[in-house]
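Participant: Got a structure for you, questions after.
Laboratory data are not the source of any read-out in this text; all were calculated from the coordinates shown. On a predicted model such as this, the values are computed, not experimentally measured, just so you know. All Cβ positions, glycine included, derive from the backbone under ideal geometry; neighbour counts span all protein chains shown.
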Amino acid sequence: MAAKPQSNRRQFLTGQAALDAVSNLAADAPSRPPHPRSELASGEAQTYLIQIDRAAMACEFQILLNAGQQSGATEAALDAMDLIERLEDQLSWFRDTSELTRINRTAATAPVIVERRLFQLLVEGISLSEQTQGAFEITAGPLWKLWGFHRREGKMPTEADIQRALTQTGSHQVRLDAEARTIRFARHGVEINLGAIGKGYALDRCAEHLVSEGVDNFLIHGGQSSMLARGSRAGLSEVEPSWTVALRHPLRPDQRLAELRLRDRALGTSGSGNQFFHFGGKRYGHVLDPRTGQPADALLSATALAPTAAQADALATAFFVMGVEASIEFCQSRPEIGALLVSPGEQAGSMELVTIGLDQAEWRRVT
């Protein structure tokens with residue numbers, strides 16, 4: 001039997017190193033190695049964290065635990081990482097043997113029975129599409145392929161091609177039968193892609209497993225654009241203990257933009273800083289507006305905070321598409337949702353930062 005990849009290694013971090021280990025939350029951004037040792041503020045005891053990571057879903061997943069706090073936590077985290085690999089086998093748009101590929105291949109000709117938890121995710125995805133008036137869309141696969149982003153080689157489509165792809169896009173093309181737990185597509189060419197919600201869903205499932213094993217203080221991230229926190233980091237004398245994470249500056253990727261405190265909450269960040277191409281002197285990013293078929297360009301980045309990581313991931317994408325005003329309107333009737341939006345400023349190279357539903361204790365701007 002071939003040796004298993006070194007993906008379940010256990011690493012120990014201290015104090016501020018936890019912040020550094022998850023500090024680059026811009027989509028698709030590579031992580032920086034954490035400091036090997038870091039001191040806390042004067043008078044505070046030094047605390048250690050266990051870091052467990054695994055490569056999956058084309059990114060790096062990490063779980064951070066308070067060392068020595070809960071018996072069996074490390075083993076539970078390793079089991080959670082195994083769960084992520086199984087979920088990738090189920091959800092991957094790129095794997096011919098995945099359940100998602102089977103759905104896309106056959107749902108236009110006959111109803112397809114769907115695994116219970118995946119069916120619930122599809123129901124949630126369609127609900128989020130309806131709530132955001134199509135700014136988030138699980139059926140945008142035809143558009144994504146048309147622009148070449150599925151191969152990371154962007155190309156400029158014709159307007160006629162875009163209009164044809166739009167006829168295959170939209171959650172109204174999907175028929176879900178809750179009683180039979182089946183899915184059926186209204187026409188050929190419709191595809192489901194869970195890339196904007198799948199990582200968050202995987203984090204939610206990991207958190208479920210950890211909690212079921214009695215672990216209630218942890219921080220998980222996937223690809224550094226999806227985060228989920230439960231409880232708090234041990235050893236800090238804060239009034240409201242939490243986990244502190246940082247957002248990368250969208251225009252200066254070597255700098256942090258802001259720090260946020262998470263406790264029993266999830267965070268997702270969307271942006272096009274690492275996947276784009278230029279054509280005719282214009283920049284085209286990989287986050288597409290499913291309503292128009294065009295790349296969204298109103299914002300530089302969008303960060304959403306929500307009760308679950310699946311919601312945070314989907315809403316970050318939706319807010320990036322919707323822009324500031326529509327995102328504010330969306331959040332007005334949803335006090336459980338927060339956002340931090342970065343839009344281009346009036347001068348070249350400048351930017352404006354807008355927060356929605358966040359109080360001063362939850363975040364601070366760094367640059």
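Participant: At 7 Å along the Cα-to-beta-carbon direction for both GLN163 and HIS188, put a label point, then send me their distance in nm to one decimal.
Facilitator: 2.2
Participant: Now a separate question. Between LYS282 and LEU78, what is the spin-label point distance in nm, taking each point 7 Å from the Cα along the Cα→C-beta axis?
Facilitator: Label at LYS282, label at LEU78, 5.3 nm between them.
Participant: Quick one: give the max-minus-min coordinate of the C-alpha atoms of the range 93-185 along each principal axis, largest first, in Å.
Facilitator: Projected onto the principal axes, the Cα atoms of the range 93-185 cover 42, 31, 22 Å.
Participant: Work through the residues other than ARG117 whose Cβ is under 15 Å from its Cβ and net out their charges, Lys, Arg +1 and Asp, Glu -1.
Facilitator: Values: positive: ARG86, ARG116, ARG181, ARG205; negative: GLU88, ASP89, GLU99, GLU115, GLU124, ASP204, GLU208.
Taking every Cβ under 15 Å from that of ARG117, the sum is -3.
Participant: Could you rank the peptides 86-93, 69-76 by their average count of other C-beta atoms within 10 Å per residue, with the highest value first?
Facilitator: Values: 86-93: 18.2, 69-76: 16.4.
Final packing ranking: 86-93, 69-76.
Participant: What's the magnitude of the charge dipole for the range 93-185 around its Cα centre, counting Lys and Arg as +1 and Asp and Glu as -1 at the beta-carbon? Answer in Debye, nearest 20. Before the final figure, lay out each step's value.
Facilitator: Details: 13 positive and 11 negative charges, 65 e Å.
Roughly 320 debye, rounded to the nearest 20.
Participant: Stretch ARG86-GLU60 to full length: gain in nm at 0.36 nm per residue minus the Cα-Cα span? Please list the in-between numbers first.
Facilitator: Working: separation 26, 0.36 × 26 = 9.36 nm, distance 1.53 nm.
Taking ARG86 through GLU60 to full extension adds about 7.8 nm, to one decimal.
Participant: If the chain between ASP216 and LEU176 were fully stretched, how many nm would it gain, using 0.36 nm times the residue separation less the Cα-Cα distance?
Facilitator: Numbers: separation 40, 0.36 × 40 = 14.40 nm, distance 3.47 nm.
Going from the current span to full extension adds 10.9 nm.
Participant: PRE reach from VAL354 (point 7 Å along Cα→Cβ): which of the range 296-316 fall under 17 Å by backbone N?
Facilitator: From the range 296-316, the list is 296-305, 315-316.
Participant: Peptides 158-169, 201-212: what's the order by average Cβ count within 10 Å, highest mean first? Please list the in-between numbers first.
Facilitator: On the way: 158-169: 15.2, 201-212: 20.5.
Top to bottom by mean Cβ count within 10 Å: 201-212, 158-169.
Participant: Right, another one. Simple spin-label model, 7 Å along Cα-to-Cβ: ARG117 to GLU153 in nm?
Facilitator: Placing both labels 7 Å along Cα→Cβ, they lie 3.6 nm apart.
Participant: List residues of the range 290-319, by number, whose backbone nitrogen lies under 14 Å from a label position 7 Å along Cα→C-beta of GLN131.
Facilitator: Backbone N within reach: 304-319.
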